[in-house]
Amino acid sequence: MAEMVKLFVNGQEVEVESGKNLIDALEVVGIEIPHFCYHPALGADGNCRMCLVGIEDGRPPLVPACKTPVAEGLKVQLDTDKIKKIQRDVMELELINHPTDCPVCDQAGECKLQDYYMSYDHQATRMRVPQVLKGKKLDFGCGVIHDQERCVLCARCVRFTRQITKTGELGIINRSDEARVTLFPGRPLNNRYALNVVDLCPVGAMTSKDFRFKQRAWFLKRNKGICHGCSMGCNIFIDHNREKYKDDLIYRFRPRFNPEVNGYFICDKGRMSYHQENEGRLKSARIDHEDSPLVQALQTARRRIEASDKVLLLVSPNCSLEQMLAIRSLATEKGATISGYSDGCIQTGDADGYLIQDDKSANRAGLELLQIDTTYDFFKESLQRADTLVCFNNDLFFTDPDPVVAEKLKVLQTIAISTHETPFSRQAGIAIPAASYSEYAGSVINKDGVLQYFGRAVEKNVPAPEMISIARDLGATLTEPEALLHAMKRCIPALAAAESDQIPERGLKLTLSEAAHVTA
Amino acid sequence: MEVKILSAKFDIKDAHTLAVAKEHGAYATLDAVFAMEPAAVIDQVKNSGLRGRGGAGFPAGLKWSFLPKGLNKPVYLAVNSDESEPATFKDRYILTRDPHMLIEGIIICCYAIGCHTAYIYIRGEYTTQVKALQKAIDEAYAAGYLGDDVAGKGFQLDVTVHRGAGAYVCGEETALLESVEGRKGQPRSKPPFPAVSGLYGCPTIINNVQTIASLPFIMQNGAEAYKAYGTEKSPGTHLFGISGHVAKPGLYELPLGLPLMDVINKVAGGVWKERKLKAVIPGGSSTPVLTPEEAETTTLDYESMAAHKTMFGSGGIVVLDETVDMVQLVKNLIDFYHHESCGQCTPCREGLGWMLKIVKQLLRGEGTMADIDLLVELCDNIEMKTVCVLSAACTMPVRSYLNKFRHEFVAYASDRPQGIDMNQDKD
């Protein structure tokens, strides 16, 4: 726990954490200091002048809050006429050359200029001279579109490419009101995190080519999720909406702050992975390549499993812990073999030492925790002996299988439980659609052993069944939420020791003892 | 009235060369200086009362004493030669006519503050000056006045000339440091002040050329000799650049404290063409303007200027005769500061452009009385809300013109009260 200091805001005593600047420290206690350029990930720049606050008896009496650390006994003035006037004046100056094209601006609804205008300005324009004209809809590369006229020159995007990606594609050229953010000629944005500048931009100057003109921000429902693009487990917001006569669709992923996992940002590939939640899905069940009602497909699958001697269950490292537990209970119940082998999602050398990982699955650590064998030898051996293969969304067949495996698959009875239409689902004897991770709640463990929970975000018009309920219909015994939680607590002492049944917002860091406990 | 301290060698042929400069006493103080403790040198400069000649007038010796003690970091000296304030043309004379006086001053200062690397930041437009300066530095190196063993005293000192790229704002000391470090010249937020964390994060002293060039005289003749010139609080001499509508414009070295009108009339030959005086800009374009009445009681020192709600500034005196259109002048003034705004802070970046457009609109006869009031309000809204004082360097003088010559602005307003003619002040 950080040391606390007492200071006064508008004469009221407040207690805040030491070591922070006024903006961050007071935000925690619900006091807003308006600002454009400051961002906790990028530090204080002090150029927007929106966060100027008064310091009673202070020298100087007027300071930028972003550059002012909290101090015991500091007397901060936010509501004096002088400060209110400064905020109004700075807002007026921010807006005189702003196009105010909110009706066609994607940022509308989540724009600092709009919010602060309502809170701190609220006056008619006095600008009676022509505005400064600058570049519009400039393609900056990586799907980033820039509008120099909307820009407030806060330099967050510039600092992002310098401090975070260290690629430095962006800079501010020219002086005075001709200053603008731009690129070196012929050198567009070229990094794997570029779209973060869209979120960082406090106004509508940086927009995403992918998201532009698709949705108004205020129609979007925002749910907390975990990106399943790799084993980092970045925290995201899933922004989705069901338009009239349409299905519930995801329109974008945005990073969600978690200092224990991803900080403030996510990679562009993970951000764009929402498309896969909307597209290429397995829509209906099939028995022997003929469309079939779901119930019938499930019953047939159960009969075929029961009629088999040697069943191999192949589980995906993208499944949630709860799903893995349910599937494992199915294996126990049926005396089936269970394998978690999957190499299709490992892209060796793709990791960058920051957020992007080689392993493109979200819960491989979960497989290990539950002691589900992930070796190829075990899988191949089990497959040779098996007469039925039930594949729970495993990505094995995204890559070319071994000829021996391929040969075996032709003669084997196969059941695919799949979120997406894949080569395997197409050739499987029975194909059953399943809910994908934006459509169910669950827990995953990232590559650093952080256990994280995510809730259900999207509700499709015709929801695909969750994998746990499919497992139950196939004969699994461990499928009720309470029972699953109990099972999780048994293999994760840290969760058992936690006061609440809820996995904390920022995740639960599992220690070595967890692994040791499982092995013991 | 003129004195010859800084300008002693200005009129001597080839005084910019080491040989001639030495004949006339250059580098003669070094023996005495190196015999002293550095702290004693600082004390002597403090006692002389020498104030920074860049414009702000901060006591030089006091500035040096702000350097943190016992820090395990190098100390840097940056000599500010980015002389860009309109109407200011004093440092350029030192650079071309007597560069060795500056180099000697740098040696004295560096010895006093324990600095072994000095930078001279010179504005990019000073092409003649940079050549003369570099030639003098090369000569000083060759003669052993710079380098590993300064004047055989076992003191190491390197001097590097850094050329600016033509930005007024780089005369602001932290923007100057940014520029030396190779970045876009934009002022830094203070604190930390450069004396604590300046160039490359190290303690740095930044002094104007004229300040540093004053050191050899002070060390040679003592603090009392320097204080014999000028007033008690503004001792010494200053290079005044007098321009505008006077009979004899030029650079004059004068002790501080002389009556402004005496200097204009007796030194600079008075207002030219027998015209009437309209106003005086006392110390460069960023200083608030003085009316003839105010000019009568003003003396050329920091205190009198402050008492007249203006500033001593850089010593660039501009005399304006009765033909000057103050609205045109203000347009030129804002045009300059708007063009030179680094664009970092919102109020300066957006506000100065807006003010310029309003004045231009007024000049076209399309402005209104409300626009004049808006100009005054914008001055208040912009000033002191920014990282540096560039915006204030524009709004302070502009406000003074709007207050003291408001009728000229009103005469341009399309909705001016009846009876006010647009050209009533002109012949």
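The values are calculated or read from the model by the stated rules, or taken from the named source; none is laboratory data. Everything quoted here is computed from the prediction, not taken from an experiment. When we count neighbours, we look across all protein chains shown, and the Cβ atoms used for this are built from the backbone with ideal geometry, even at glycine.
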Does A:ALA194 satisfy the criteria of being among the aliphatic types (A, V, I, L, M), more than 25 Å from A:GLN357 (Cα to Cα) and assigned by TED's automatic domain parsing to the domain that holds A:LEU113? no
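Does B:LYS357 satisfy the condition of being assigned to a helix (DSSP H, G or I), within 30 Å of B:ALA167 (Cα to Cα), within 13 Å of chain A (Cβ to nearest Cβ) and of a type in the set (D, E, K, R)? Quick ask: steps written out before the conclusion?
Details: assigned to a helix (DSSP H, G or I): yes; within 30 Å of B:ALA167 (Cα to Cα): yes; within 13 Å of chain A (Cβ to nearest Cβ): yes; of a type in the set (D, E, K, R): yes.
Yes: the conditions hold for B:LYS357.
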If only one of A:GLU279, A:GLU333 is in contact with a Gly (Cβ under 7 Å, 6 or more places away or on another chain), surrounded by fewer than 19 Cβ atoms within 10 Å (Cβ to Cβ) and not hydrophobic (A, V, I, L, M, F, W, C), which one is it? A:GLU333
Please indicate, with yes or no, whether at least one residue in region A:234-244 is touching a Ser or Thr at 6+ places or on another chain (Cβ under 9 Å) and either farther than 20 Å from A:HIS39 by Cβ or at pLDDT below 95 (or both). yes
Just one of (1) within 26 Å of the chain's Cα centre (by Cα); (2) closer than 23 Å to B:ILE358 by Cβ trips up A:VAL198, so point out which. (2)
Counted residues in region A:37-61 being within 12 Å of chain B (Cβ to nearest Cβ), within 32 Å of the chain's Cα centre (by Cα) and not in a loop (DSSP other than H, G, I, E, B) come to 1
What residue, of A:PRO34, A:PRO64, is within 14 Å of chain B (Cβ to nearest Cβ), in contact with a strand residue (DSSP E or B) (Cβ under 8 Å, 6 or more places away or on another chain) and modelled with pLDDT of 95 or more? A:PRO64
Would you point out the residue of region B:298-333, among those that are in a loop (DSSP other than H, G, I, E, B) and surrounded by 22 or more Cβ atoms within 10 Å (Cβ to Cβ), that is nearest to the chain's Cα centre (by Cα)? B:SER314
For region B:268-283, state whether one or more residues are out of contact with any helix residue (DSSP H, G or I) (no Cβ under 8 Å at 6 or more places or on another chain), surrounded by 19 or more Cβ atoms within 10 Å (Cβ to Cβ) and more than 15 Å from B:MET396 (Cα to Cα). yes
Quickly run through region B:361-383 and pick out the residues that are closer than 17 Å to B:PHE405 by Cα and either at the interface with chain A (Cβ under 8 Å from one of its Cβ atoms) or modelled with pLDDT under 95 (or both). B:ASP371, B:LEU374
Can you name the condition, by its number, that B:THR386 falls short on among (1) surrounded by fewer than 21 Cβ atoms within 10 Å (Cβ to Cβ); (2) at negative phi; (3) within 14 Å of chain A (Cβ to nearest Cβ)? (1)
Output for Cβ contacts, cut-off 9 Å, separation at least six or different chains, first residue facing another protein chain (nearest Cβ under 9 Å) in region A:126-144, second assigned to a loop (DSSP other than H, G, I, E, B) and at pLDDT below 95, reads none
Say whether the condition of being among the charged types (D, E, K, R) and under 25 Å from the mean Cα position of the chain (by Cα) is met by at least one residue in region A:146-157. yes
Determine, yes or no, whether B:PHE336 is under 26 Å from B:GLY250 (Cβ atoms), of a type in the set (Phe, Trp, Tyr) and outside any helix (DSSP H, G or I). no
Listed by range, strands (runs of 3 or more DSSP E) wholly within region A:174-271 having at least 1 residues that are surrounded by fewer than 20 Cβ atoms within 10 Å (Cβ to Cβ) and within 14 Å of chain B (Cβ to nearest Cβ) are A:180-183
Matching residues in region A:86-103 - criterion: being more than 14 Å from chain B (Cβ to nearest Cβ), assigned to a helix (DSSP H, G or I) and in contact (Cβ under 8 Å) with a residue 12 or more places away in the chain: A:CYS102
